[in-house]
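Everything below concerns the one structure shown next.
The values are calculated or read from the model by the stated rules, or taken from the named source; none is laboratory data. Everything numeric here is computed off the predicted structure, so don't read it as measured data. Here the Cβ positions follow ideal geometry from the backbone for every residue, glycine too, while neighbour counts run over all protein chains shown.
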Amino acid sequence: MSDPAHLEARPADGYAGDITPQQAWDLLAADPGATLVDVRTEGEWRTIGIPDTASIEKRPVFAEWVRAGGRPNTGFLEELKAAGVADGPVVFLCRSGQRSIGAARLATASGIAPSYNVLEGFEGAPGADGVRDQQGWKVAGLPWTEGAE
């Protein structure tokens, strides 16, 4: 994908749409104004890993959608604004592509658009064996690094 304006996103209610991890990478690489926001918890960033966008000269924004223990992050929008996220395109990423839907909807409702959700998230939903190794950013072979942030 060389032109992010022609991004084919899966339709969604309340945000710009769902895109694959590869489409997210392509959008981030092609559009200098695009931002990646990782909405997982600090514990997930440290133990599972984080997207590595250094090769496209981008620094992801890390803003928890929920805090440890499942408590909503009531300061989520303020954290985005403090990180300079005021306009889109914004690509929201979580572990399996579920929490990031809520983040994309809230951002869109707050005027941060277009906002996208990354299908499958960073490491996808657990398979039949309970292991998360069949889909997502990591399985797609996109750059990532061991836990940080």
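For the range 1-34, which residues satisfy the criterion of being aliphatic (A, V, I, L, M) and either crowded, with 17+ Cβ neighbours inside 10 Å or modelled with pLDDT under 95 (or both)? Break it down into steps so the answer makes sense when it comes.
Our first condition is that a residue be aliphatic (A, V, I, L, M); within the range 1-34, this holds for 1, 5, 7, 9, 12, 16, 19, 24, 27-30, 34.
Within the range 1-34, Met1, Ala5, Leu7, Ala9, Ala12, Ala16, Ile19, Ala24, Leu27, Leu28, Ala29, Ala34 qualify.
For the range 67-83, name all the residues that are touching a Ser or Thr at 6+ places or on another chain (Cβ under 8 Å) and at pLDDT 95 or above.
If the condition is that a residue be touching a Ser or Thr at 6+ places or on another chain (Cβ under 8 Å) and at pLDDT 95 or above, then Leu77 is the only one that fits.
All but one of (1) under 21 Å from Arg132 (Cβ atoms); (2) surrounded by fewer than 16 Cβ atoms within 10 Å (Cβ to Cβ); (3) not aromatic (Phe, Trp, Tyr) hold for Val37; which doesn't?
With respect to (1) under 21 Å from Arg132 (Cβ atoms); (2) surrounded by fewer than 16 Cβ atoms within 10 Å (Cβ to Cβ); (3) not aromatic (Phe, Trp, Tyr), Val37 is out only on (2).
Among the residues of the range 52-98, write down those that are touching a helix residue (DSSP H, G or I) at 6+ places or on another chain (Cβ under 7 Å), under 16 Å from Leu27 (Cα atoms) and part of a loop (DSSP other than H, G, I, E, B).
Selection gives Thr53, Lys58, Pro89.
Looking at the range 37-78, which of the residues that are within 15 Å of the chain's Cα centre (by Cα) and of a type in the set (D, E, K, R) is nearest to Ala140 (Cα to Cα)?
Of everything passing the filter in the range 37-78, Asp52 is nearest to Ala140 (Cα to Cα).
For (1) assigned to a loop (DSSP other than H, G, I, E, B); (2) more than 20 Å from Ala34 (Cα to Cα); (3) touching a strand residue (DSSP E or B) at 6+ places or on another chain (Cβ under 9 Å), each residue gets a yes or a no:
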residue: Thr108; (1), (2), (3): no, no, yes
residue: Ala113; (1), (2), (3): yes, no, yes
residue: Glu120; (1), (2), (3): yes, no, no
residue: Ala125; (1), (2), (3): yes, yes, no
residue: Ala128; (1), (2), (3): yes, yes, no
residue: Val131; (1), (2), (3): yes, yes, no
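Quick test for you: out of Glu42, Glu79, pick the one residue that is in contact with a strand residue (DSSP E or B) (Cβ under 9 Å, 6 or more places away or on another chain) and without any contact (Cβ under 8 Å) to a residue 60 or more places away in the chain.
Residue meeting the stated conditions: Glu79.
If Ala29 satisfies all but one of (1) assigned to a helix (DSSP H, G or I); (2) in contact with a helix residue (DSSP H, G or I) (Cβ under 7 Å, 6 or more places away or on another chain); (3) under 16 Å from Phe122 (Cβ atoms), what's the number of the condition it fails?
(3)
For the range 99-138, how many residues meet the condition of being out of contact with any helix residue (DSSP H, G or I) (no Cβ under 8 Å at 6 or more places or on another chain) and surrounded by fewer than 16 Cβ atoms within 10 Å (Cβ to Cβ)?
11
Taking Gly88 as the residue in question, decide whether it is farther than 19 Å from Gly124 by Cα and surrounded by 18 or more Cβ atoms within 10 Å (Cβ to Cβ).
Numbers: farther than 19 Å from Gly124 by Cα: yes; surrounded by 18 or more Cβ atoms within 10 Å (Cβ to Cβ): yes.
Criteria met by Gly88.
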